[in-house]
Structure formats: structure tokens, C-alpha cells
Amino acid sequence: MTNLPDNVMMKRKHWVDVLRGLCMMAILLHHTEVYYTDQTLTPYNLYLTDALTIFFMVSGYLFYKESGFCLRKKMVSVARSLLMPYFIFTLLMALPKALAHGYSTDWSTLLLPIITGQASWFVAALCVAEPLFALTLWTGRGKLGPIILLGLSGLLISIGLSTDIPSYPWQLDNALQALCFMTLGYCYHRYEHVFNSFNRPSYLVLLFFLFMGIKIYVATCGVDMYIHHINISNYPIFFLDITVGGLLLAHLCKAVPAIRWTAWIAWTGSHSLVYYFLCGGIPLLSAHLFNAVGLGYDGRYPTVLLVYATAYGLTTAATWAIYRYFPFVTGKSTRKRPAN
């Protein structure tokens, strides 16, 4: 869920797409469970927090370029690849979403969440966080100090904004919190050669058992790690979780070969923006479809997986069609770029 035009301007990294693909599939699973069973069967803290924060980290990762940073290109990219798709998709989905959930269909009611950045919290947060990160990177001339200061400041302010009130305009609290995650991703890319020196089986095994230990602690002690709305009861454990989990998944994805079955996951990751916009409506339709034919949830999880496979297949087909026939809604040009 990052700026795709920036990606196509440089050689794609298979492992980054695989990582995003796995995270997108996790988000789709969460929505499928909620709409099909009316509950969250797999605890949010066990996987969804990691999936969402990794997307923010990848956004920061892609900011770092050895060839230099261009503020103008980044701002144009944010406007074309995040802001424009946000308005297009949320406007198109506003009425169907209201009808599906029984909300008011008054146009003033439909438009207000879109205008205030409430219609898609994750994309709205990125629309705010990426320009802030870009401006800091530009004014600081690529120095690490201002970026780290931005990340820490964003985190502290987001903690102060953490309340149970409805979301802030354009998800300001999540956007500021995201700056911290983006800083982690940026630093990882900048010093990736150092992290790669630890990419060995022994270190991966250590990270795996440490990650499992953290998850066991989170589950048994009831640690809250919700990032929307922000409700984190133990910040040291939270950051240990997302750091260890992020490193583990990054290094595991780097070991994934570019073969046929991983190509589907990578394709999902490289088209994750549209997947995200569709990951609510299509799981809901899939759940209604299964309920209509008498296959409602009966307590057996394999039926959830069947609905999930259906939702994933339909979302993939819809995403392919959008990129194939309506690429302009994603910010992609219909004209092929000339070869460099």
C-alpha cells in the first residue's frame, strides 16, 4: 500500500512484494472472519498489528534511494497514487457500503467521511504521513537525525492523541504514529547491508523463538496492541513485537525464491492498494453468498478458510480487472513508459 509509481521507476524487489502480499492476505483474512462469523476468531494482536505496521515500514523503506531523493516527484506520486485513488474508490463505494451496512444514504452523510479522511483510515493516514516524511527528508538533506527526531516526535504526539473519541480528521493520530514505523523502515534500508550480515539460519531461529515468546506473552498477559484506534497498553512489548516480527518476516521473504507459487503472493503485494480498498466489500459479499446457500458459519474453521479462498479469488480477479482496464484510478498511466 505504497506508491507504486515510485516502485516501477526502480527495479522491483521480489521479497518486498512477497512481504506486502503476505500482509495483505492477513488483512483480508481478518475481514473475512469478521463478516462471516461476526467475530474475530484469530486475535488481532497475534498477526494484524504486525501486518499493518509492516506496510508503514515498507513505505519508509521505499523512501531511501542511494541515487538521491526528489521532493517534487514524491509529492506528485502521493497525490496521484494515494490521494486520487482514495477519493475515487471511496466515492464509488460510498453508496454500496451504506446500503450493505444499513447506514444513511443521504449524500451529505455519505460525503462527510470521505472529505474528512474517515472512509479509509489506512490510506488516509499514508496521505498525511508520506508528505510529512518527504518534507523532513528534503529539508534535512537526507540526514538521519531529523528523520529520527520526526519519528520520535510523531510517536509521542500520537500517544497524547490516543483517546476513545472518533477518529481525528485525516487520521492525524495514526499518521503521526506511522512516522515512527516509516523511520524504522527507512533506517533498515539505509543500513540494510548491516542487517543482511545477520541473515543466517541461526539468527532466524533465534528471531523466530523470540517472536513466539513475545506472542505468548501478549496472549497470556492480555497486552493490547491496537493501532486503530490507538490502544497500546505496553509500548516496550509493542515495539519489541513489531521490530522482531518485521526483521523475521523481512529475512524470511528474502529467502523466498521467485517461483510460480510465490509469484501470486508477490503480485498481490505489488497491487496491494486496490486489494485494500476491496478487502471489506468482497469478503462481505462472499459471506452473504455462503449464508444464502445455507453454508453459514457453524463453528468449524475450515468453512472460514473456504470463504476466505473465495474472497481472495474474487478480490484478485477484481484487482486484475481494475489494473487492466481502469489503471488511471490507481494513478498508473495508460501509456507505457519509454525504456531507459
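The values are calculated or read from the model by the stated rules, or taken from the named source; none is laboratory data. What you see is a predicted model; the values in this text were computed from it and never measured. As a convention, Cβ positions derive from the backbone with ideal geometry for all residues, glycine included, and neighbour counts pool all protein chains shown. Surface areas here come from the heavy atoms of the whole protein model, side chains and all, with no ligands, DNA or RNA. Shrake-Rupley method; radii C 1.70, N 1.55, O 1.52, S 1.80 Å.
Kirkwood analysis of the chain, using all unique Cα-Cα pairs, places the hydrodynamic radius at 20.9 Å. Using alpha carbons only, the radius of gyration of the range 213-340 set against its Kirkwood radius gives Rg/Rh = 1.05.
Between Y191 and W138, the simple label model (points 7 Å from Cα in the Cβ direction) yields a spacing of 2.8 nm.
Where only protein heavy atoms count, and the probe is 1.4 Å, what is the accessible area per residue for the chain in Å²?
With the other protein chains kept in place, the chain gives 49 Å² per residue.
Electrostatic bookkeeping for F198 treats Lys and Arg as +1 and Asp and Glu as -1; over the other residues with beta carbon under 15 Å from its beta carbon, the sum is +1. Taking 45 Å as R0, compute the FRET efficiency from the Cβ-Cβ separation of K332 and Y217 and round it to 0.05. Efficiency, from the Cβ-Cβ distance: 0.55.
Taking only C-alpha pairs under 8 Å that are 6+ residues apart, what is the relative contact order of the chain in percent? Don't jump to the answer; show the numbers that get you there.
Working: 407 pairs, mean separation 107.7, N = 340.
Reported relative contact order: 32 percent.
Our note on the geometry: Cα centres of the range 16-40 and the range 144-192, 23 Å apart.
Divided by 2.2 N^0.38 Å, where N counts the residues, the Cα radius of gyration of the range 93-132 comes to 1.33. The percentage of C-alpha pairs in the range 54-110 whose separation is greater than 15 Å is 66%. Residue by residue, the range 66-76 carries 3J(HN,Hα) couplings of 5, 6, x, 10, 10, 5, 4, 4, 5, 5, 5 Hz when phi is fed to the Karplus relation 6.51 cos²θ - 1.76 cosθ + 1.60 (θ = phi - 60°); x denotes Gly or Pro. Net length available on complete extension from L204 to L99 is 33.1 nm, with 0.36 nm assigned per residue and the Cα-Cα distance removed.
With the Cα gyration tensor of the range 165-214 giving a ≥ b ≥ c as the square roots of its eigenvalues, does the rule (a/c under 1.5 for rounded; else a/b larger than b/c for prolate; else oblate) give rounded, prolate or oblate? Since a/c reaches 1.5 but b/c is at least a/b, the shape of the range 165-214 is classed as oblate. Per-residue 3J(HN,Hα) values for the range 205-212, derived from phi via the Karplus relation 6.51 cos²θ - 1.76 cosθ + 1.60 with θ = phi - 60°, read 5, 4, 4, 4, 5, 5, 5, 4 Hz in sequence order (x marks Gly and Pro).
Between T315, T37, T220, the residue with the greatest mean-square fluctuation in the GNM of the chain (Cα pairs under 10 Å linked by springs) is T220. Once all protein chains are placed together, F55 keeps about 0 Å² accessible to a 1.4 angstrom probe.
In order along the range 278-284, phi translates into HN-Hα couplings of 9, 6, x, x, 6, x, 5 Hz, rounded to whole numbers, per the Karplus curve 6.51 cos²θ - 1.76 cosθ + 1.60 with θ = phi - 60° and x for Gly and Pro.
The apolar share of the surface of the range 72-135, taken as the fraction of accessible area on carbon and sulfur atoms (1.4 Å probe, ligands and nucleic acids excluded), comes to 73 percent. Over the C-alpha atoms of the range 120-234, the Rg to Rh ratio, Rh being the Kirkwood estimate, stands at 1.03.
Measuring r between the beta carbons of M84 and L295 and using R0 = 30 Å, the FRET efficiency lands at 0.20.
For the set K13/K65; K13/K332; K143/K254; K254/K332, the pairs lying more than 24 angstrom apart at their alpha carbons are K143/K254; K254/K332.
Keeping the other protein chains in place, figure out the carbon and sulfur percent of the accessible area of the range 224-340, with a 1.4 Å probe.
Numbers: 4110 of 6180 Å².
Answer for the range 224-340 is 67 percent, counting heavy atoms of protein chains only.
In angstrom, the C-alpha Rg and Dmax of the range 241-311 are 16.1, 44.
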